[in-house]
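Notes follow once the structure below has been shown.
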Amino acid sequence: MTIFFALVGAAMAGIGASLQKFGIAARFPRITLREFTRQWRLVARTLLTNKVWLLGLLMGASSGFFMAQAMSGGDLSLVQILSNTTGLWSVLIGVVFFTEKLTGGEWIGLAVMFAGAALVSLTPETTAVGNPNEPLLVGIAAAVGVLMTIALVVNKRIRRGLAAEFLLAANSGLSFGLFNIFMKLTTWQVNAQLGSFNVVSAASWGQMLSILPFWVMLACIVPAFLFMQAAFAHGRVAVITPLVTVFTTFITITCAVIVFHETLSPLRLSGIVASVAGTLVLAQQSRRPAHHLAE
């Protein structure tokens with residue numbers, strides 16, 4: 001069931017992201033990071049009255065329930081790569097409803113990404129052994145937060161800084177990665193206390209609400225969400241989603257190995273490499289002239 005829950009969650013997240021992109025682009029076709037920050041009340045009020053954006057938000061939030069259930073029963077590395085199929089849904093929605101055009105290279109990227117997910121799905125067994133290294137995870141999370149802050153500050157002071165969609169998507173991806181990692185830690189701790197985890201169980205929710213990782217997980221989703229919305233105001237779904245996926249995958253797989261002690265078999269490792277390679281190809285092929293973060 002781990003694979004089923006992960007794929008359903010990925011589909012809902014991908015469709016939800018595309019609907020959010022449509023909603024924010026319709027009202028804010030091009031907004032700088034500074035304008036997004038200064039006018040957040042106006043942006044929030046406008047989006048909260050946009051039915052398409054709200055539907056996307058609901059689907060994206062609902063996907064988290066499926067992902068949590070998947071993570072409770074499977075390795076973080078397995079669920080992460082299966083969740084990368086979010087990009088497939090986002091791109092397909094972009095093509096069908098946003099009239100975005102894909103090149104031959106982009107189709108190749110999608111195919112390689114799908115092949116990677118298929119390879120990983122052939123290794124559903126759990127490989128994690130021992131307790132997670134929680135102090136190490138705290139250090140990694142703090143370092144990532146500092147890195148994201150420095151990147152934003154430094155980029156403002158560089159005349160030819162990073163493209164807006166790249167930096168915003170990178171920060172969003174890292175934040176989503178931390179969200180996934182602390183979600184895994186949350187389900188692990190609930191399992192350890194109750195012997196099982198069920199996302200619709202009152203006992204599981206009671207336990208979750210009493211542990212710190214759950215609240216850290218919720219804190220991580222805030223910057224992830226804000227950075228993604230700002231990125232959507234700058235670039236195409238077919239660019240933003242793969243970039244977010246790359247950075248999410250990088251930090252999640254790293255922590256799966258060094259924090260949760262998961263073992264990557266040759267087959268699973270091949271699937272991870274293929275998934276990331278396909279995502280990178282898609283992001284590169286989808287690039288258009290970039291806009292830079294405004295002062």
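Structural remarks
- Complete set of residues in region 77-98 that are in a helix (DSSP H, G or I), within 14 Å of the chain's Cα centre (by Cα), surrounded by 24 or more Cβ atoms within 10 Å (Cβ to Cβ) and of a type outside the set (Ser, Thr, Tyr): VAL79, GLN80, ILE81, LEU82, GLY87
- Scanning region 115-139 for residues that are crowded, with 17+ Cβ neighbours inside 10 Å and in a helix (DSSP H, G or I) gives GLY116, ALA117, LEU119, VAL120, SER121, LEU137.
- Positions within region 41-71 being at pLDDT 90 or above and either within 18 Å of PRO213 (Cβ to Cβ) or touching a strand residue (DSSP E or B) at 6+ places or on another chain (Cβ under 6 Å) (or both), in sequence order: PHE65, MET67, ALA68, GLN69, ALA70, MET71
- Residues in region 72-119 that are modelled with pLDDT of 85 or more and among the polar types (S, T, N, Q): SER72, SER77, GLN80, SER83.
- Scanning region 237-276 for residues that are under 25 Å from SER18 (Cβ atoms) and among the aromatic types (Phe, Trp, Tyr) yields PHE247, PHE250.
Here is a yes/no grid of residues against (1) in a helix (DSSP H, G or I); (2) small (Gly, Ala, Ser); (3) buried (at least 18 other Cβ atoms within 10 Å of the Cβ):
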site: SER196; (1), (2), (3): no, yes, no
site: TRP205; (1), (2), (3): yes, no, no
site: TRP215; (1), (2), (3): yes, no, no
site: LEU226; (1), (2), (3): yes, no, yes
site: ALA231; (1), (2), (3): yes, yes, yes
site: THR248; (1), (2), (3): yes, no, yes
site: PHE260; (1), (2), (3): no, no, yes
site: SER275; (1), (2), (3): yes, yes, yes
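- If you go through region 99-114 and keep only what is outside any helix (DSSP H, G or I), among the β-branched types (Val, Ile, Thr) and at negative phi, you end up with just THR103.
- Residue check, ALA142 modelled with pLDDT of 85 or more and either under 23 Å from ALA70 (Cα atoms) or in a helix (DSSP H, G or I) (or both): yes
- Test for ILE181: is it surrounded by fewer than 24 Cβ atoms within 10 Å (Cβ to Cβ) and touching a residue at least 40 places away in the same chain (Cβ under 8 Å): no
- Inter-residue pairs, beta-carbon under 8 Å, first in contact (Cβ under 8 Å) with a residue 40 or more places away in the chain and in region 253-264, second among the acidic types (Asp, Glu) and part of a loop (DSSP other than H, G, I, E, B), 6+ apart: ALA256/ASP75; ALA256/GLU262; PHE260/ASP75; GLU262/ASP75
The values are calculated or read from the model by the stated rules, or taken from the named source; none is laboratory data. Given the structure is predicted, the values throughout are model-derived calculations rather than measurements. For neighbour counting, all protein chains shown are included, and Cβ atoms are generated from backbone atoms with ideal geometry for every residue, glycine included.
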